[in-house]
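A short write-up of the structure that comes next.
The values are calculated or read from the model by the stated rules, or taken from the named source; none is laboratory data. These numbers come from a predicted model, not from an experiment. Quick reminder, even Gly has a Cβ in these numbers, built from the backbone with ideal geometry, and neighbours come from all protein chains shown. The area values use the complete protein model at the heavy-atom level, side chains included, leaving out ligands, DNA and RNA. Shrake-Rupley method; radii C 1.70, N 1.55, O 1.52, S 1.80 Å.
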Amino acid sequence: MSTSFKKSDKELLDARNAIFKEYGIPGLERNGYAKSPFKSSWFGQYDRNIRGYSYELCRLADNGELHLVNATMVKDDKWIKINLNIFRLGEKLKSLDQLEDCEGINFHLPPHDSTSMRLRSDDYKGPPLFHMMFSPEYKLGNVGSESGFEKEVRKLAALVGKDMANIRSFENRWHELHRPRTTDVEGNVI
């Protein structure tokens, strides 16, 4: 007699959240990223019913660019969606602390959302079908046992950890695909 193995949506969400907190955030921090100082930024659970988690981290590059990384996990989904967007700020900042009184929501609205690159999705080279079938992705796959689930968690943790530790390669790919828009500290186009 076989029993069907199934993890609840909440268990899958908690696993993805733990992976990003344990492997993604430390990798980004080692590359100069920090919790976004914007008043409108999320960093953790985004509603009381725990329907999801959202993390926004950013860094100031030496060339005056603001690099934003957003990671979101939604309860009824199996993905960790990680997006990167880069902006050239019209004024030179000494630290991220200077953005504390700014909203920052404009960095996520049109026209800026058109240059947001979803990692392991929007940055591929070559035929899309090949990428969709063979490239690793930030997703917990279907599993039939507890040991299979644990294997998927380890595999996703390793991928997230490796990619966030090597975020500069994604930043370089972003620059191959896009040009940074020049904005003020609130995200308004200059």
Counting only heavy atoms of the protein chains, get the accessible area per residue of the chain (1.4 Å probe) and round it to a whole Å² value. 56
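Determine Rg/Rh for the chain; Rg is computed over alpha-carbon atoms and Rh is the Kirkwood hydrodynamic estimate from the same atoms. Please report the intermediate quantities before stating the final value.
On the way: Rg = 17.7 Å, Rh = 17.6 Å.
That ratio is 1.00, to two decimals.
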For GLU146, tell me the accessible area in Å² from a 1.4 Å probe, rounded to the nearest 10. 80
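Taking a quarter of the surface of the Cα convex hull of the range 1-45, what do you get in nm²? Let's see the in-between values first.
Working: hull surface 17.8 nm².
Mean shadow area of the hull around the Cα atoms is 4.5 nm².
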Helix-only [θ] at 222 nm, the chain, -39500 (n - 2.57) per DSSP H run of 4+, per residue, nearest 500, equals -9000 deg cm²/dmol
Name the longest site-free stretch of the chain, where the excluded sites are trypsin sites (Lys or Arg not before Pro) in a DSSP loop with no more than 12 other beta-carbon atoms within 10 Å. 126-190
Given a 1.4 Å probe and the protein chains all in place, what does the accessible area of PHE43 round to, in Å² to the nearest 10? 80
Carbon and sulfur together cover what percent of the accessible area of the chain at a 1.4 Å probe radius? 50
In Å and whole numbers, how far do the C-alpha atoms of the range 51-124 stretch along each principal axis, longest first? 40, 29, 22
Quick calc, the chain, dipole around Cα centre from Cβ unit charges on Lys, Arg (+) and Asp, Glu (-), nearest 20 debye, gives 560
